[in-house]
Amino acid sequence: MQAAKGKKYHGLKVLFEKEVADFINSKRMLLLILFMIIITISGLYAALSGISDSVEENASFIFLKLFTVSANSIPSYNTFLALLGPFIGLIMGFDAINNERSEGTLNRLVSQPVYRDNIIIGKFLAGCFIIVIMIFASGILIGAVGFLQIGIPPEAEELGRLFVYLCFAIIYIAFWLALSILFSTVCRHAATSALATIAVWLFSAIFVSLLAGIIADAIYPLDNYEGMFNQLNNYNCELNLNRLSPYYLFSEAASTILSPSIRSINAVTVTQLSGALSGYLSLGQSLLLVWPHLTALCALMLIMFAISYVFFMRQEIRAN
Amino acid sequence: MYKKIYVTTNLKRLFLILGTVAAVLFIFFINTFSVKAAEGLTLYTDSSGINTTAGESLSFNLYVSNTLQNESDVNLSIESMPEGFTGFFKRDSYEVNRVHASQRSENAIASFQITVPKETPEGQYEIILKASTDEGQEDTLPITLNISELESGESNFTVEYPRQEGVSGTSFTYSTTIVNNTLTDQTYSFSYDAPSGWQVAFKSSSDSTQVSSIDIESGNSQGITITVTPPEKVEAGEYEIKCSAVSAKETMQTALNVKILGTYDLELSTSDGRLSLDANANKESSVTLRLTNSGNIDLENINLTSNAPTGWEVTFNESTIDTLEAGATKEIKATIKPDSDALTGDYVTYINADTSDQSASVQFRITVKTQTVWGIVAVLIIIGVLTGLWYITRKYGRR
């Protein structure tokens, strides 16, 4: 039993190392690094040019502002990551299975003395590993360069929030990795799976918010007198529909984590604001606010992976 | 005024008598070639019998008539004088014992100044002055002083405003004056009789030094400032402080009256002084309030009210307190229940204690926290998903 277990993990380890090595040696990696550098530099540029204005308004949690401040129509690092982060997962996963299959290497892989599921698990874990390295490298880089520029050392609370934020980003991108692996398992051609993933990405980033507005207006019209009473319902409906999109889910969670002054992610009524003092939440309280988001993102990622796993295990692998 | 007139009439009468005597003597001299005149030197004064009181200083002019020589120097001396009396001859501004006298002159050759001691008993005293010339002529002048004894007065200890009022926490200042009417210098030492906790300080009115006794010369007066400081927690009412100045001979008392007016003061705080607390939405949190009557009057009918955000409930285990005695403290438990929709973060809630006279308010910063239960539920969901994944691995994994 012990030997079998050891062997199982040994096989996984070998596959994991092979996948990581393959990826790092590929040209795709260069593309990915270039992509990350662009995100990092533009995010940093936006933060450093906009931070002095932002500090004039409110001088607390300056370190976190490096990730949220935008300037001169250049979006912040946070916005960039939410919008373009899916691409990282997509690039790594869109041809994970069907490329091996079309090149005929899958047959050879399966004939090795490794469990078949280790192949897909190894690919997913290798992708996650690369994501962790990328995200932490870019996040720490921004923190370091920002610290050099603004000269104010971050507090422990800010570092904690940054760490939580980067973990969120990793889970978010890992979800897109799992999704693209799923499409690469389902679709025979790499192009199809890539297009499918891009379609989902475009849908969740752009069309969900449009559709949510349309549907909410249809259910709770804002015209006439009726509209006055529907306002809250309309807003809540639109919000909940938006939250179906992982993009929106991550954006909301990220801005809550990075802005301690956000006290609620839902619609706030005047009643709730009576007697409220403007203050900051602790990291724990902010985390509790977006805990459902974390749960949903984790669950989505795991479910996507589970589905692709099931598909992969049930597939016939033939030489063609 | 009366006395002056009296003295004047007296003097007139004296002059009249003297005039008569002089006239008689003159007739006598004319008729008989007087023997007395042969002696030559006469010392006389305007008034040789004087009524006065002890302690006075007198001065009277002396005249000399010399029938023998036109001019001569005259020695002046005191033949006899009662013990304790002091006296000397004076001309212009000098003390003298020898003066020049001319026959023609009707001016005073000198004046004699005498000081009667204060302790001199009543009675008749005689001073004999003597004038002599080098040629051996001499004359004596007896002066009779009818001295009445000086009344030894009593010292005075008076207060300018003996009745003062004020709220607790103020100190009261009384201006007093001690007058030494006795015949000797006195040392007055001060003492007071005040309720316990009261402080009384004696100071010279010209100096800020606190004194316990003071020297006052006979006949002088001295201002004394007495500062009375009541204890901090003094009850409203009237108080009397007896101050005494005691000298060797006398004991003088004066009463200072203080009326302490009532003050209302109500303090509201918590038992541990903290004005912030954590609460969960729709769950009760309690805080122990501490209500202190720091005035000096009992407070009645204290109502506790709250000013909380909409939808919040604040209850007190005792919302009305009938009586809170002066200086007393009462603990009240307040239960605060945030609205079920309350946002995570800080809210402000005021709790007020009101009476008809006074009110106190305390401001609480209440931090509403999300309950961790939901976090645990979410973790359970993730664990469920992971378990499902593990199950799938088991089911399909080993092929």
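The values are calculated or read from the model by the stated rules, or taken from the named source; none is laboratory data. Owing to the predicted nature of the structure, the values given are computational and were not obtained by experimental measurement. Methodologically, a virtual Cβ is constructed for each residue, glycine included, from the backbone with ideal geometry; neighbour enumeration extends over all protein chains shown. Ligands, DNA and RNA are stripped out before the accessible areas are found, and what is left, the full protein with its side chains, is counted by its heavy atoms. Shrake-Rupley method; radii C 1.70, N 1.55, O 1.52, S 1.80 Å.
So here's what we get for this one:
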quantity	calculated
Restricting the stretch B:301-318 to residues that are assigned to a loop (DSSP other than H, G, I, E, B) and open to solvent by 60 Å² or more (accessible area, probe 1.4 Å), the residue that is nearest to the other protein chains (Cβ to nearest Cβ)	B:T310
Those residues of the stretch A:162-185 which are out of contact with any Ser or Thr (no Cβ under 7 Å at 6 or more places or on another chain) and over 26 Å from A:N240 (Cβ atoms), in sequence order	A:L162, A:F163, A:L166, A:L177
Complete set of residues in the stretch A:155-207 that are assigned to a loop (DSSP other than H, G, I, E, B) and either under 14 Å from the mean Cα position of the chain (by Cα) or not acidic (D, E) (or both)	A:C187, A:R188, A:H189
Answer from B:T355, B:T367 - the residue that is modelled with pLDDT of 85 or more, under 30 Å from B:L266 (Cβ atoms) and facing chain A (nearest Cβ under 10 Å)	B:T367
Search result, residues across the stretch A:150-174 that are under 23 Å from A:I133 (Cα atoms), among the hydrophobic types (A, V, I, L, M, F, W, C) and open to solvent by 10 Å² or more (accessible area, probe 1.4 Å)	A:A156, A:L159, A:L162, A:F163, A:V164, A:C167, A:I170, A:I171
Residue within the stretch A:135-146 that is over 30 Å from A:S286 (Cα atoms) and either buried (at least 18 other Cβ atoms within 10 Å of the Cβ) or within 14 Å of chain B (Cβ to nearest Cβ) (or both) present	no
All strands (runs of 3 or more DSSP E) inside the stretch B:86-150 with 1 or more residues being within 20 Å of B:N61 (Cβ to Cβ), open to solvent by less than 80 Å² (accessible area, probe 1.4 Å) and modelled with pLDDT under 80	B:98-102
Per-region count, the stretch B:248-266, residues under 20 Å from the mean Cα position of the chain (by Cα) and open to solvent by 10 Å² or more (accessible area, probe 1.4 Å)	8
Filter result for B:R365 (open to solvent by 80 Å² or more (accessible area, probe 1.4 Å) and part of a strand (DSSP E or B))	yes
Qualifying position, being in contact with a Ser or Thr (Cβ under 8 Å, 6 or more places away or on another chain) and within 20 Å of A:L166 (Cα to Cα), among A:F80, A:F94	A:F80
Of residues in the stretch B:174-217 being of a type in the set (S, T, Y) and surrounded by 16 or more Cβ atoms within 10 Å (Cβ to Cβ), the one nearest to B:I260 (Cα to Cα)	B:Y174
Residue tally, condition in a strand (DSSP E or B) and open to solvent by 10 Å² or more (accessible area, probe 1.4 Å), over the stretch B:337-359	7
Among the residues listed as A:I119, A:I142, A:I152, the single one being outside any helix (DSSP H, G or I) and of a type in the set (A, V, I, L, M, F, W, C)	A:I152
Residue check for A:I219: surrounded by fewer than 17 Cβ atoms within 10 Å (Cβ to Cβ), more than 10 Å from chain B (Cβ to nearest Cβ) and among the aliphatic types (A, V, I, L, M)	yes
Of residues in the stretch A:90-123 being away from chain B (no Cβ under 14 Å) and β-branched (V, I, T), the one farthest from A:I198 (Cα to Cα)	A:T105
Options A:S251, A:S286; residue that is of a type in the set (S, T, Y) and facing another protein chain (nearest Cβ under 9 Å)	A:S286
Test: residue in the stretch A:195-216 that is open to solvent by 40 Å² or more (accessible area, probe 1.4 Å), farther than 30 Å from A:T68 by Cβ, at pLDDT 90 or above and away from every other protein chain (no Cβ under 14 Å)	yes
Which listed residue is over 53 Å from the mean Cα position of the chain (by Cα) and within 9 Å of chain A (Cβ to nearest Cβ), from B:L386, B:L380	B:L386
Per-region count, the stretch B:191-246, residues more than 13 Å from B:F172 (Cα to Cα), part of a strand (DSSP E or B) and among the β-branched types (V, I, T)	4
Single condition B:G375 does not satisfy, out of (1) under 60 Å from the mean Cα position of the chain (by Cα); (2) at the interface with chain A (Cβ under 9 Å from one of its Cβ atoms)	(1)
B:I297, sole failed condition from (1) open to solvent by less than 70 Å² (accessible area, probe 1.4 Å); (2) closer than 24 Å to B:T372 by Cα; (3) out of contact with any strand residue (DSSP E or B) (no Cβ under 9 Å at 6 or more places or on another chain); (4) not hydroxyl-bearing (S, T, Y)	(2)
